[in-house]
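The values are calculated or read from the model by the stated rules, or taken from the named source; none is laboratory data. This is a predicted model, so every value here is computed, not measured. In this analysis, Cβ positions are derived from the backbone assuming ideal geometry, glycine residues included, and neighbour counts consider all displayed protein chains. Each accessible area value is taken on the protein alone, full model and side chains, heavy atoms only, with ligands, DNA and RNA left out. Shrake-Rupley method; radii C 1.70, N 1.55, O 1.52, S 1.80 Å.
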Amino acid sequence: MLVNGKHYRTIWLKENDDSIVQIIDQRWLPHKFVIEDLKTVDDVAKAIKDMHVRGAGLIGAAAGYGMYLAALNGDDVREASGKLKATRPTAVNLAWACDRQLKAIDSSKDKIGTAKKTAKEIANDDAEFCRRIGENGAKIIEEISRRKNGETVNILTHCNAGWLAFVDYGSATAPIYSAHDRGIKIHVWVDETRPRNQGARLTAWELGQHGVPHTVIPDNVGGHLMQHGKVDMVIVGSDRTTRTGDVANKIGTYLKALAANDNNVPFYVALPSSSFDWIKRDGVKEIPIEERGGEEVRFIQGLHDGEIKKVLLTPEKSNTANYAFDVTPSRLVTGLITERGICDASEEGILELFPEHSKD
Ligand code: MRU
């Protein structure tokens, strides 16, 4: 996608130096655009854990490159995989990418060459899948626009399932970009998404870079907007979706799904196939939910006098809880937008698009 008119992906190998992986360090957006060099698997593990990179697809791509750096630096790749998998528990793309790398490396004599090729393939697949999600999802937006006689389509999204959460395009934002590029009038309600504000900081920045009209709203506004007919559809991403269609996504998604259901607003989830967990069936009971440090709740970060600062928000001694994800049961999901098409959030619907997983 474009940043000040220049095309970027979120992760790449440094030009003329294949021993360095480069990322956009997302901790400083939207106020500073910082590119960080990663040279070891430990650098990559830290970048994932401390959220220099984040979002399911990008976590997977970063893990792929982390495995390549491990192979390049002569590390034990199984140990490297364990280290990477331990960084964040909810997004299934992480384990998927590590396992894809291990399988490729194990069956090859040229371990480094294979790991490099596989890392690039994981990243390229991610970008291509998101591009196709865009094409498939744009049809839904087009249909709503037709029904509204070309009036603006209002879409609500939560967190950042944009290109910053993937390698390019994004999942939830890909249909938005695609429809916008086709000339459909769109406006996006962007949930701020406390505590790390991925919506206010990242989604708003991305949409702005692409010229998509948008409005940032506090997390608790969505229900009110839906009651007043100001939301035509919701599109969110997913960090892990069970084979039965239960969706783990950023904390607060479930509440938006309940409000959408109560107001007959279609609630779509956009995800590449790498975000399906083909084994788990009951999302609420089985998907591990990451709990992060309380300082993310206690402090808030922003720009003050040209410098990025953190300020204390709560009383010094208040307890905090920081569950990073929740699970939206499949019954609240109107449909899943994938690289192969749109399906029901049910085992039958999903397997119709991905029959090769019937026996998993
Ligand atoms: O904690 P994060 O920022 O890594 O959370 C991931 C997300 O941004 C969302 O849950 C997103 O909607 C799905 S990931 C594409």
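The table below lists the values:
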read-out	value
Cβ-Cβ FRET estimate between Asp110 and Ala86, R0 fixed at 35 Å, reported to 0.05	0.80
For the range 300-360 versus the range 70-129, the gap between their alpha-carbon centres in whole angstrom	23 Å
For Arg9, residues with placed amide H under 5 Å, excluding near neighbours	none
Residue among Phe129, Ile144, Asn73 farthest towards the positive dipole end of the chain, charges placed on Cβ	Ile144
Prolate/oblate/rounded call for the range 32-137, Cα gyration tensor, a/c under 1.5 rounded	oblate
Sequence ranges 90-98, 271-279, 64-72, ranked by mean other-Cβ count within 10 angstrom, highest first	64-72, 90-98, 271-279
Residues of the range 136-357: accessible area per residue with a 1.4 Å probe, Å²	42 Å²
The range 136-357, relative contact order [Cα under 8 Å, separation at least 6], %	20 percent
Computed magnitude of the charge dipole of the chain (debye, nearest 20; Cβ of K, R +1, Cβ of D, E -1)	280 debye
Leading residue at positive end of dipole, the range 208-360 (Cβ point charges), from Gly229, Ala257, Leu353	Gly229
Residue list for the range 57-78, given a label point 7 angstrom along the Cα-to-Cβ vector of Glu36 and an amide N cut-off under 18 Å	57-70
Over the chain, equivalent-ellipsoid semi-axes from the Cα gyration tensor in Å	30, 24, 20
Residue-count net charge about Glu347 - beta-carbon cut-off 14 Å; Lys, Arg +1, Asp, Glu -1	-2
Sum of side-chain charges, Asp17 neighbourhood, beta-carbon under 14 Å (Lys, Arg +1; Asp, Glu -1)	0
Selected from Asp18, Asp42, Asp246 as most flexible by GNM, with the chain as the system and alpha-carbon contacts under 10 Å	Asp18
Contour excess over end-to-end distance, with Cα ends at Arg281 and Thr314 and 0.36 nm allotted per residue	8.1 nm
Sequence ranges 103-111, 175-183, ranked by mean other-Cβ count within 10 angstrom, highest first	175-183, 103-111
Residues of type lysines that Lys117 reaches as a straight line, Cα spacing below 28 Å, ignoring anything fewer than 8 places off in the same chain	Lys6, Lys14, Lys39, Lys46, Lys49, Lys83, Lys85, Lys103, Lys109
Protein accessible area in the chain, 1.4 Å probe - carbon and sulfur %	49 percent
Leading residue at positive end of dipole, the chain (Cβ point charges), from Leu207, Leu94, Gln26	Leu207
Rg and Dmax [Cα atoms of the range 139-294; Å; Rg one decimal, Dmax integer]	15.1, 47
³J(HN,Hα) computed for each position of the range 354-359 - Karplus, 6.51 cos²θ - 1.76 cosθ + 1.60, integer Hz, glycine/proline x	10, x, 5, 9, 4, 9
Residues with amide H under 5 Å from that of Asp219, placed H, sequence gap 5 or more	Glu192, Thr193, Arg194
